[in-house]
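Written out below as structure tokens is the structure these notes cover.
The values are calculated or read from the model by the stated rules, or taken from the named source; none is laboratory data. Keep in mind the model is a prediction, meaning the values are calculated, not measured. All Cβ positions, even for glycine, are placed from backbone atoms using ideal geometry, and neighbour counts span all protein chains on display. Heads up: the accessible areas ignore ligands, DNA and RNA and are worked out on the full protein's heavy atoms, side chains in. Shrake-Rupley method; radii C 1.70, N 1.55, O 1.52, S 1.80 Å.
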Amino acid sequence: MHFASDNTAPVPPQVLEALIAANHGYAMPYGADALMGEVRDRIRHAFEAPEAEIYLVATGTAANALSLACLCPPWATVFCHRNAHIEEDECGAPEFYTGGAKLTLIDTPHARLTPGKLEKAISFTGRGGVHNVQRGVVSLTNATEAGTVYSAGEVAALCTVAKGYGLPVHMDGARFANALVRAGCTPAEMTWKAGVDVLSFGGTKNGLMGVEAVVLFDPSRAWEFELRRKRGAHLFSKHRYLSAQMAAYLRDDLWLKLAARANAAATRLSEGLAALPGARLLHPSEANSVFAEWPRAGHRRAQKAGAQYYLWPMDQTLTGPDDAPLSARMVCSWSTTDEDVDAFLRLVKGKTTERA
Ligand SMILES: *Cc1c(COP(=O)(O)O)cnc(C)c1O
């Protein structure tokens with residue numbers, strides 16, 4: 001019952017097998033390996049973007065921060081949700097890599113920006129001329145930090161606002177596959193056709209050992225990205241081992257199959273929780289995360305039995321009245337089983353013998 005994060009899951013066998021297959025003979029370094037050619041071809045094909053340039057890095061923080069650095073000068077601002085990963089979980093890397101750009105935080109329900117609130121934030125910024133930070137870039141996260149998903153149409157509506165001000169759009173797609181499977185559109189419709197300029201295309205949360213791709217739909221930014229990646233110490237010399245993982249991820253739609261499994265597990269979990277007395281969902285569960293609250297006694301039983309998840313926000317405690325609700329975040333992965341979910345639901349419900 002491991003629901004702390006999707007990055008607690010193991011690596012699927014296809015990925016390890018691809019690493020072993022890549023581990024013979026010699027391969028040119030720094031992205032000149034043949035497997036990187038396969039990655040480039042497969043991403044261009046999947047996104048119907050023959051011009052796109054694609055680069056691999058090892059963390060989502062690097063993918064986001066390097067992308068934003070290419071899109072936003074130091075005197076400008078990144079428009080994003082208040083709960084965006086770039087704001088809450090990257091230790092200032094976007095500010096550091098951009099050379100000091102600001103983040104302008106927008107508050108909207110379920111971590112989903114709305115065109116109205118985005119427009120308001122953008123129009124408000126830059127009014128003071130030289131005295132303000134300037135308008136820089138819009139960054140969207142899909143799937144969002146609240147486990148919700150923007151449809152292709154919603155992405156397009158936000159991009160239209162950004163483009164109205166001449167601003168580029170970045171998408172943090174650490175869980176892009178989960179969002180895409182849910183939205184049921186094509187990768188192109190979710191990104192460049194909607195107006196997204198740069199995508200952080202997640203791999204790690206969805207089963208890789210540690211690889212994310214940056215997809216630049218506008219290749220004119222490619223050389224700058226390459227320089228920033230090297231300068232930011234994210235150009236890997238034994239690059240074939242990154243390529244091998246990403247190639248395996250893209251073959252036979254593995255990325256979509258893994259995400260579909262994670263999403264299905266989250267649906268089972270969210271529906272099960274929503275049906276329990278005293279429980280309710282805090283956000284619609286549209287991808288592979290579930291945010292819910294239920295009485296403290298159920299948390300005690302689950303945690304005593306070894307279930308792993310975060311109380312969310314984290315400042316809540318298991319000590320206190322039994323029936324007071326505590327809220328939690330649970331994340332399912334490709335390897336979450338129905339048995340895990342059902343065992344967890346039985347514990348929360350409280351009609352089971354507790355496992356040691
Ligand atoms: C996990 C995550 C990332 C990347 O995080 P790293 O720990 O740097 O790999 C980026 N964005 C979102 C929304 C995430 O959940």
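Give the residues of region 182-193 that are in contact with a Ser or Thr (Cβ under 9 Å, 6 or more places away or on another chain) and open to solvent by less than 20 Å² (accessible area, probe 1.4 Å), sorted by residue number.
Once the filter is applied, which keeps residues that are in contact with a Ser or Thr (Cβ under 9 Å, 6 or more places away or on another chain) and open to solvent by less than 20 Å² (accessible area, probe 1.4 Å), region 182-193 yields only Met190.
With the requirement that a residue be open to solvent by less than 70 Å² (accessible area, probe 1.4 Å) and more than 15 Å from the ligand (Cβ to nearest atom), what does region 106-123 give you?
Ile106, Thr108, Thr114, Pro115, Gly116, Leu118, Ala121, Ile122, Ser123
Among the residues of region 313-325, are any among the β-branched types (Val, Ile, Thr) and open to solvent by 50 Å² or more (accessible area, probe 1.4 Å)?
Yes; the residues of region 313-325 include at least one that is among the β-branched types (Val, Ile, Thr) and open to solvent by 50 Å² or more (accessible area, probe 1.4 Å).
For region 150-168, name all the residues that are open to solvent by less than 10 Å² (accessible area, probe 1.4 Å) and under 19 Å from the mean Cα position of the chain (by Cα).
Result: Tyr150, Val155, Leu158, Cys159.
So if I check each of Gly25, Gly126, which one is out of contact with any Phe, Trp or Tyr (no Cβ under 8 Å at 6 or more places or on another chain), away from the ligand (no atom under 16 Å from the Cβ) and at pLDDT below 95?
Gly126
Going through region 1-56 one residue at a time, which ones are touching a residue at least 24 places away in the same chain (Cβ under 8 Å), not in a loop (DSSP other than H, G, I, E, B) and not aliphatic (A, V, I, L, M)?
Answer for region 1-56, where residues must be touching a residue at least 24 places away in the same chain (Cβ under 8 Å), not in a loop (DSSP other than H, G, I, E, B) and not aliphatic (A, V, I, L, M): His2, Asp6, Asn7, Thr8, Gln14, Glu17, Glu38, Arg42, Glu53, Tyr55.
I need every pair where a residue in region 85-96 that is outside the structural domain of Thr59 (by TED's automatic domain parsing) has its Cβ under 8 Å from the Cβ of a residue that is within 7 Å of the ligand (Cβ to nearest atom), sequence separation at least 6 or different chains.
Close Cβ pairs satisfying both conditions: none exist.
Which number in (1) open to solvent by 30 Å² or more (accessible area, probe 1.4 Å); (2) of a type outside the set (Asp, Glu); (3) touching a residue at least 12 places away in the same chain (Cβ under 8 Å) marks the one condition that Val341 misses?
(1)
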